[in-house]
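Participant: This is the structure, below, for whatever I ask next.
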Amino acid sequence: MKLSAVYVKVFEQRCFQLLIEAYQTSLTEQVIQFDWNENDISSELHRHIKENPLRRKWKFITQVEAHLPKDIPKVKGFSDKFPRIDFKLTSFISSIEFEYFFEAKNLKQNNSALSRRYINTGINNFISKKYVNGSLIGYLLEGKTSETIIGINSLLEKDERNTEILILKSNKQIKTYYESYHTGIGTLKHLIFDFTNSSN
């Protein structure tokens with residue numbers, strides 16, 4: 001394996017670690033509210049990522065609500081048309097730049113509209129390659145993780161996408177880690193952050 005390939009794997013693991021530690025800190029602080037928008041939660045997690053000493057040690061740059069520039073005509077307002085993603089983490093080794101992205105969606109066990117949105121503007125945006133080189137985060141604000149995943153999988157099965165369902169996998173950093181497989185992009189990783197016991 002080349003140095004860059006080894007570093008890509010380490011870089012992804014470090015991205016996961018920074019985000020998961022931010023989530024764990026937010027649970028301790030009990031600041032996040034059930035009526036918050038996704039961007040509110042992402043902003044709070046981003047604050048904890050920035051404050052994490054490991055970020056500086058690893059020389060990571062982090063950005064919330066990052067633009068994903070694409071080739072469009074440069075006329076007034078063109079930047080408003082760029083897709084945005086919730087988290088962008090960047091690091092350099094020598095002259096090589098590494099980037100990793102996370103897209104976040106609010107989830108509630110009995111809210112099929114949010115589960116549908118998780119598929120349509122989360123999973124599907126990775127499949128279409130609107131988002132690349134990243135993972136999905138589900139912010140669970142109501143209910144149980146396992147039941148919420150069953151709801152998402154039911155919608156995928158209803159769409160005859162049985163081979164794309166989310167499957168629980170082992171992960172040393174977080175228990176609620178899932179993977180799904182999609183033709184064209186391969187494995188998509190899913191982190192579910194359960195906030196149901198963290199609100200004041």
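Participant: Given the conditions (1) of a type outside the set (Phe, Trp, Tyr); (2) closer than 20 Å to residue 45 by Cβ; (3) modelled with pLDDT under 95, which single one is not true for residue 140?
Facilitator: Result: residue 140 passes all but (3).
Participant: In the stretch 144-164, is there at least one residue being of a type in the set (Gly, Ala, Ser) and touching a helix residue (DSSP H, G or I) at 6+ places or on another chain (Cβ under 7 Å)?
Facilitator: Step one: filter the stretch 144-164 for residues of a type in the set (Gly, Ala, Ser), giving 146, 151, 154.
Of the ones still in play, those that are also touching a helix residue (DSSP H, G or I) at 6+ places or on another chain (Cβ under 7 Å) are 151.
Yes.
Participant: Related question: Give the residue that is modelled with the highest pLDDT, with candidates limited to residues of the stretch 26-38 that are open to solvent by less than 40 Å² (accessible area, probe 1.4 Å) and in a helix (DSSP H, G or I). Don't jump to the end; show me each part of the working.
Facilitator: Initial filter on the stretch 26-38 (open to solvent by less than 40 Å² (accessible area, probe 1.4 Å)): 26, 32, 38.
Then drop every residue that is not in a helix (DSSP H, G or I), which leaves 26, 38.
Numbers: 26: 94, 38: 90.
Looking at the filtered set, the residue picked out is 26.
Participant: Could you list, in sequence order, all residues of the stretch 138-158 that are touching a residue at least 12 places away in the same chain (Cβ under 8 Å) and hydrophobic (A, V, I, L, M, F, W, C)?
Facilitator: Of everything in the stretch 138-158, those that are touching a residue at least 12 places away in the same chain (Cβ under 8 Å) and hydrophobic (A, V, I, L, M, F, W, C) turn out to be 140, 141, 149, 152, 155, 156.
Participant: Out of all the residues in the stretch 1-25, which are modelled with pLDDT under 95 and of a type in the set (Gly, Ala, Ser)?
Facilitator: Selection gives 4, 5.
Participant: From the set of residues in the stretch 107-126 that are touching a Gly at 6+ places or on another chain (Cβ under 8 Å) and of a type in the set (S, T, N, Q), which is surrounded by the most Cβ atoms within 10 Å (Cβ to Cβ)?
Facilitator: Within the stretch 107-126, the match that is surrounded by the most Cβ atoms within 10 Å (Cβ to Cβ) is 115.
Participant: Moving on to the next point. Output the number of residues of the stretch 39-98 satisfying the condition of being modelled with pLDDT of 70 or more and not in a loop (DSSP other than H, G, I, E, B).
Facilitator: Result for the stretch 39-98: 37.
Participant: Here's something else I'd like to know. Give me the pairs, please: first residue somewhere in the stretch 125-136 and in contact (Cβ under 8 Å) with a residue 60 or more places away in the chain, second residue anywhere and part of a loop (DSSP other than H, G, I, E, B) and among the basic types (Lys, Arg), beta-carbon distance under 9 Å, and either six or more positions apart or on two chains.
Facilitator: Matching pairs, first to second residue: 130/70.
Participant: Please verify whether the stretch 128-143 includes one or more residues that are open to solvent by 50 Å² or more (accessible area, probe 1.4 Å), closer than 18 Å to residue 193 by Cβ and either out of contact with any Lys or Arg (no Cβ under 8 Å at 6 or more places or on another chain) or aromatic (Phe, Trp, Tyr) (or both). Even if it seems obvious, please write down each step before you answer.
Facilitator: Step one: list which residues in the stretch 128-143 are open to solvent by 50 Å² or more (accessible area, probe 1.4 Å), which gives 128-130, 132-133, 142.
Checking which are closer than 18 Å to residue 193 by Cβ leaves us with 142.
Cutting the leftovers down to either out of contact with any Lys or Arg (no Cβ under 8 Å at 6 or more places or on another chain) or aromatic (Phe, Trp, Tyr) (or both) gives us none.
No, the stretch 128-143 contains no residue that is open to solvent by 50 Å² or more (accessible area, probe 1.4 Å), closer than 18 Å to residue 193 by Cβ and either out of contact with any Lys or Arg (no Cβ under 8 Å at 6 or more places or on another chain) or aromatic (Phe, Trp, Tyr) (or both).
The values are calculated or read from the model by the stated rules, or taken from the named source; none is laboratory data. These numbers were taken from a predicted model, which means no experiment stands behind them. When we count neighbours, we look across all protein chains shown, and the Cβ atoms used for this are built from the backbone with ideal geometry, even at glycine. Side chains are part of the model used for accessible areas, which takes the heavy atoms of the whole protein and leaves out ligands, DNA and RNA. Shrake-Rupley method; radii C 1.70, N 1.55, O 1.52, S 1.80 Å.
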